[in-house]
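What follows is calculated from the coordinates using simple rules that are stated; it is not laboratory data. The model shown is predicted, which means the values in this text are computed figures rather than measured ones. Heads up, the Cβs are rebuilt from the backbone with ideal geometry, glycines too, and the neighbour counts pull from every protein chain shown.
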Amino acid sequence: MADERKTAIVTGASRGIGLAIAKRLAKSGYNIAIVDACPLENSKNAEDEVKALGVDAKAYQCNVADFAAVEQTVKQINDDFGGIYILVNNAGITRDGLLLKMTEENFDAVISVNLKGTFNFIKHTTPFMMKKKEGRVVSISSIVGIEGQAGQVNYSASKAGIIGITKSCAREYASRNITFNAIAPGFVKTPMTDALTDKQKEAIFELIPLKRYGEPEDIANVVNFLCSDDASYITGQVLSVDGGMHM
Ligand code: NAI
């Protein structure tokens, strides 16, 4: 499978923002490793859609929260594609509820997937990036990682943690020519936000100065920019992509 194209790993890429990122990076000519916890047959459509853009793509079933499974999957991706240039930490979950009612299980689940999953993938991909003396890591945080949100103590903590990892790694790996940036989306139309009630969606809409909800492509375009040569002098940054919600 290995060819001259560079490879991008996108976690949580079988749908939503992750799939849009995978397709946008494919349009820029990167081969794509689609990582998702869902069964492989559920990632098949994503794999086909990416391949239709003229690059190599392969789906891998992997729970980002599982340190050993991530190590194994990353090794397999490197073997299959002959290198790893880009990592996009996109996989994420919510388990919303006020702190008063939040269970330990729901706190741990969100931290394990969103925050530890990001650590796991950075930990296991950076050795391959260092070998090639270049790399790009973009992690998907959230506006609530910056501002906090009632009912999302677990989620906002995980997304704030991603900003901490991003800035610390940017400093640690700058001399290795690996950049680390985060994107903080506002409200993006995906299966994740479909779960909100109409009332919740309307309340959020009122807070968006640009007066439209975000599309997955709005996020994917910025990931693509941060992975491009034009962004080679940007590291340790958090870019808000939210229609002006956070200023
Ligand atoms: P989504 O729920 O539509 O897609 C998430 C994907 O991650 C799914 O394919 C799911 O199977 C996968 N996933 C979940 N747990 C996993 C695990 N343990 N291991 C591997 N894959 C796993 O969500 P959406 O909206 O596309 O979100 C993508 C990212 O963007 C998430 O990190 C989310 O927190 C973040 N985000 C989304 C916003 C929105 O408004 N949709 C706003 C701010 C941030």
Item to check | Checking A184 against (1) more than 18 Å from G12 (Cα to Cα); (2) under 20 Å from the mean Cα position of the chain (by Cα); (3) aliphatic (A, V, I, L, M), the condition it does not meet | outcome: (1)
Next on the checklist: Anything in the stretch 45-61 that is surrounded by fewer than 23 Cβ atoms within 10 Å (Cβ to Cβ) and within 26 Å of V110 (Cα to Cα)? List them, or say none.
Outcome noted: Y60, Q61
Checklist outcome for this item: Flagged in the stretch 209-225 as hydrophobic (A, V, I, L, M, F, W, C), within 16 Å of the chain's Cα centre (by Cα) and either over 17 Å from Y30 (Cβ atoms) or within 14 Å of the ligand (Cβ to nearest atom) (or both), in numbering order, are I219, A220, V222, V223
Item to check | Candidate set from the stretch 128-171 (those that are farther than 27 Å from K101 by Cα and among the polar types (S, T, N, Q)); member that is nearest to the ligand (Cβ to nearest atom) | outcome: S139
Checklist entry - When you go through (1) within 15 Å of the ligand (Cβ to nearest atom); (2) buried (at least 17 other Cβ atoms within 10 Å of the Cβ) one by one for Y85, which number turns out not to apply? => result (1)
Next on the checklist: Just to be sure I understand, how many residues within the stretch 172-206 are more than 9 Å from the ligand (Cβ to nearest atom) and either surrounded by fewer than 12 Cβ atoms within 10 Å (Cβ to Cβ) or more than 20 Å from Y155 (Cα to Cα) (or both)?
Outcome noted: 16
Next on the checklist: Can you report the number of residues in the stretch 1-36 which are within 13 Å of the ligand (Cβ to nearest atom) and at positive phi?
Outcome noted: 2
Next on the checklist: Out of everything in the stretch 17-37 that is surrounded by 14 or more Cβ atoms within 10 Å (Cβ to Cβ) and touching a Lys or Arg at 6+ places or on another chain (Cβ under 9 Å), what residue ends up being nearest to D79 (Cα to Cα)?
Outcome noted: A33
